[in-house]
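First the structure, in the form of structure tokens, and then the observations on it.
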Amino acid sequence: MTTPILDFVRRYADSGTLRLHMPGHKGVPTLGCEGLDITEVAGADSLYAPTGVIRESEANATAVFASRATLYSTEGSSQCIRAMLALALRERKPKRILAGRNAHRSFLSACALCGAEPDWLWPEAGEGLLSCTVRPETLVRALDEAATGYAAVYVTSPDYLGRLADVSALAAVCHERGLPLLVDNAHGACLRFLPGARHPLEQGADLVCDSAHKTLPVLTGGAYLHIADPCFVPGAKQMLALFGSTSPSYLILASLDACNARLAGDYPMLLADAVRDTADLRRTLQALGWETVDADPLRITLRCDGTKAAARLRTQGMEPEYAGPDALVLMLTPENAAAARARVPEALGPCREAPPAPPPPLPRPERVCTVREALFAPQTSCPAQAAIGRICGAPTVACPPAVPIVTAGERIPEQALPLFQYYGVETVDVLL
Ligand SMILES: Cc1ncc(COP(=O)(O)O)c(C=O)c1O
């Protein structure tokens with residue numbers, strides 16, 4: 001597979017061209033990567049109106065993902081989520097989205113920017129903040145009982161713990177009603193290259209975002225907006241441009257470009273080996289008494305006091321993705337799965353703790369004003385205890401995982417306090 005962006009930036013770096021243009025480092029190394037960090041010079045194409053190397057590279061990405069169109073983001077899934085909402089809301093009324101409550105905070109900012117209002121699908125008992133099982137029958141009921149119609153349905157799969165939704169069944173429900181299904185697959189780009197048709201594109205989702213940088217060998221910020229329904233192709237670049245910088249990073253673009261060639265080459269075989277190593281590691285940890293969550297094939301989620309488990313890993317020079325009060329999350333790829341398989345069991349040793357207490361139940365706060373009204377209103381920060389009864393001004397999150405406990409525009413109920421304590425949220429932004 002061709003790598004037109006990478007070839008261009010390498011040729012440019014080697015050409016000795018006197019850079020009478022941005023960026024200010026002029027290719028002179030401080031970090032070492034400046035030579036390849038160019039701007040949209042002649043021949044480098046333009047991200048939001050591509051006709052040359054970027055167009056060719058995005059066509060390669062479209063081919064490797066077998067989508068209708070795959071477009072690049074250099075500003076993460078956050079940019080793609082905003083573009084997905086803008087596309088789904090275009091020409092649709094009312095501007096309401098039915099969404100799983102475990103949505104990342106970027107969904108809330110997308111709602112505010114696009115003038116959309118979310119209605120929530122709530123997690124099942126005991127799921128806590130990070131997961132939100134949406135069964136097809138729950139979705140049918142929510143759609144049938146809604147007082148107003150929706151522009152789209154939005155779910156997060158995999159969630160932060162790696163749990164996968166039944167996207168095929170949800171897509172069928174949406175499509176029977178003429179609604180698009182939008183999937184935040186920020187954590188699942190790699191699924192497209194694993195057996196089992198687990199990527200949302202393979203399961204009927206209409207618009208999907210993947211943070212390439214989270215699970216594929218791509219620099220931080222590199223992401224894909226995948227389009228399955230052709231009606232979303234016209235205007236998609238425009239919507240991405242609306243939420244993106246006019247100076248996209250060519251380091252990130254070159255990294256996305258190079259990834260296409262790896263995905264079309266031997267990387268899927270390496271991923272298959274990594275899946276085997278991860279499965280072995282999971283079995284070893286289970287044999288040591290650790291309770292695992294049924295997660296995607298390249299993630300290990302342990303139900304435990306994540307803080308204590310992370311401390312054990314750190315003493316042996318390992319850093320987890322997430323260490324929370326009731327979970328430890330490890331993300332593996334071909335680059336580290338064999339090492340993790342060898343080193344993690346020794347560092348964690350046998351599990352000697354009782355299972356962690358389940359998280360306090362998620363409150364269902366009353367909505368007082370729209371997300372947009374709240375996010376753009378004057379606000380102040382106050383201690384969590386003093387915020388009870390006030391209107392939330394910004395999504396109240398611990399980061400990671402950046403899933404809000406109370407969202408902007410909701411009145412903060414007393415039942416939120418145990419969750420603030422549980423997730424270490426000490427201050428909350430409230431409306432003045
Ligand atoms: C579930 C989920 N969605 C979206 C995002 C935003 O992705 P990005 O950091 O690529 O903008 C994240 C980031 O961690 C996430 O966890």
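The values are calculated or read from the model by the stated rules, or taken from the named source; none is laboratory data. Only a predicted model underlies this, so the values are computations on that prediction, with no experimental measurement involved. As a convention, Cβ positions derive from the backbone with ideal geometry for all residues, glycine included, and neighbour counts pool all protein chains shown. Note: accessible area is taken over every heavy atom of the protein model, side chains too, but ligands, DNA and RNA are not part of it. Shrake-Rupley method; radii C 1.70, N 1.55, O 1.52, S 1.80 Å.
Antiparallel as a % of all DSSP beta bridges within the chain, to the nearest 5?
Bridges in the chain that DSSP calls antiparallel: roughly 65 percent.
Using per-residue counts of other Cβ atoms within 10 Å, averaged over each peptide, order 41-50, 140-149, 389-398 from highest down.
With the highest mean Cβ count within 10 Å placed first, the list reads 389-398, 41-50, 140-149.
Among Q421, P268, G128, pick out the residue whose Cα is farthest towards the positive end of the charge dipole of the chain, where Lys and Arg carry +1 and Asp and Glu carry -1 on C-beta, about the Cα centre.
Q421
Heavy-atom accessible area of S245 with all protein chains present, probe 1.4 Å, nearest 10 Å²?
Looks like 50 Å² after rounding.
So, taking all protein chains as they sit and a 1.4 Å probe, how much accessible area belongs to S106, in Å² rounded to tens?
Spelled out: S106, probe radius 1.4 Å, area about 10 Å².
Quick one: pull the percent of accessible area on the chain belonging to carbon and sulfur, 1.4 Å probe, ligands and nucleic acids left out.
Carbon with sulfur: 53 percent of the solvent-accessible area.
Given Cα pairs under 8 Å that are at least 6 residues apart, what percent is the relative contact order of the stretch 95-245?
The normalised contact order for the stretch 95-245 reaches 16 percent.
Taking θ as phi - 60°, what are the ³J(HN,Hα) couplings along the stretch 321-338 by the Karplus curve (6.51, -1.76, 1.60), each to the nearest whole Hz, with x for Gly and Pro?
6, 8, 10, x, x, 9, 7, 10, 10, 10, 10, 10, 9, x, 6, 9, 5, 5
Would you mind working out the accessible area per residue for the stretch 4-264, using a 1.4 Å probe, and quoting it in Å²?
37 Å²
Under 26 Å from the Cα of K95, which lysines turn up, not counting those fewer than eight places away in the same chain?
Cα-Cα hits under 26 Å: K237.
Hey, in the GNM for the chain with a 10 angstrom Cα cutoff, which one of L85, L271, L288 fluctuates hardest?
Looking only at L85, L271, L288, the biggest GNM fluctuation is shown by L288.
If you wrap a convex hull around the Cα atoms of the chain, how much volume per residue is inside, in Å³?
Taking only Cα atoms, the chain has a hull volume of 155 Å³ per residue.
At E346 and H175, where each label point lies 7 Å from the Cα along Cα→Cβ, what is the point-to-point distance in nanometres?
5.0 nm
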